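So the structure is just underneath, and the comments pick up after that.
What follows is calculated from the coordinates using simple rules that are stated; it is not laboratory data. On a predicted model such as this, the values are computed, not experimentally measured, just so you know. Ideal geometry is used to build each Cβ from the backbone, glycine not excepted, and the neighbour counts take in all protein chains shown.
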Amino acid sequence: TGLVHIAPGHGLDDFIAGQKYNLTVVCSIDQKGSMTQCAGKYEGLFYTKANDAIIADLKLNSHLLKDDVITHSCPHDWRTKKPVISLALPQWFVSIKKIKKTLLEEIKKVNWVPQWGKLKMTNMIKDRKDWNISRQRTWGV
């Protein structure tokens, strides 16, 4: 027996589990890392400060089952080295299924600089089902 924290608005695995169990997708953290209105009195706090405040309140009310530090891996931005927080946000996707063959043929016609870009793009298209064209990235595809 045990407890599992699940946040469908903040991670792919949790989102999939949430869909399976018909859970509401709530994003309690905004794009700047601050707690949103749904976080009640913690609204506006940066998420690390909110963690501390929530733990303190749980302890104060004797509702905290366990307080422990665990080590696990999480994605980090390669430029800033800061943790990446997943947010379930509306996105635009292009279905690749109908155009995949054409895309792979067109890739062959391009003069790639650097040359390794051709293989990278080919592999990306070959393995992709849908292409998120509204991703919040500064560089790349």
For the chain, longest principal axis from Cα atoms; helix 47-60 axis from its Cα atoms; angle between them, nearest 10 degrees, is 30 degrees
If R0 = 25 Å, then Ala17 and Val110, at their Cβ-Cβ distance, give a FRET efficiency to the nearest 0.05 of 0.05
Output ordering of 41-52, 56-67 (per-residue mean of other Cβ within 10 Å, highest first) is 41-52, 56-67
Between Thr24 and Val69, the FRET efficiency computed from the C-beta separation at R0 = 41 Å comes out, to the nearest 0.05, as 0.90
Quick calc: nm separation of the 7 Å Cα→Cβ label points for Asp52 and Lys32 -> 1.9 nm
Labelled set (1) 2.21; (2) 1.12; (3) 1.42; Cα Rg over 2.2 N^0.38 Å computed from this model equals the value at (3)
Per principal axis, largest first, the Cα atoms of region 1-61 extend in Å by 32, 32, 16
Note, region 117-128: 3J(HN,Hα) by Karplus (6.51, -1.76, 1.60, θ = phi - 60°), whole Hz, Gly/Pro = x, goes x, 4, 5, 4, 5, 4, 5, 4, 5, 4, 8, 8
Looking only at lysines whose Cα falls under 24 Å of Lys109's and that sit 8 or more positions away or on another chain, we get Lys97, Lys98, Lys100, Lys101, Lys118, Lys120, Lys126, Lys129
If amide H atoms are modeled at 1.01 Å from N in the peptide plane, then the residues at a separation of 5 or more from Gly9, or on another chain, having amide H under 5 Å from its own are Val26
With Cα coordinates, the longest principal axis of the chain makes an angle with the long axis of helix 100-109, in degrees rounded to 10, of 60 degrees
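If contacts are Cα pairs under 8 angstrom and at least 6 residues apart, what is the relative contact order of the chain in percent? Working shown, then result.
Details: 124 pairs, mean separation 25.2, N = 141.
The normalised contact order for the chain reaches 18 percent.
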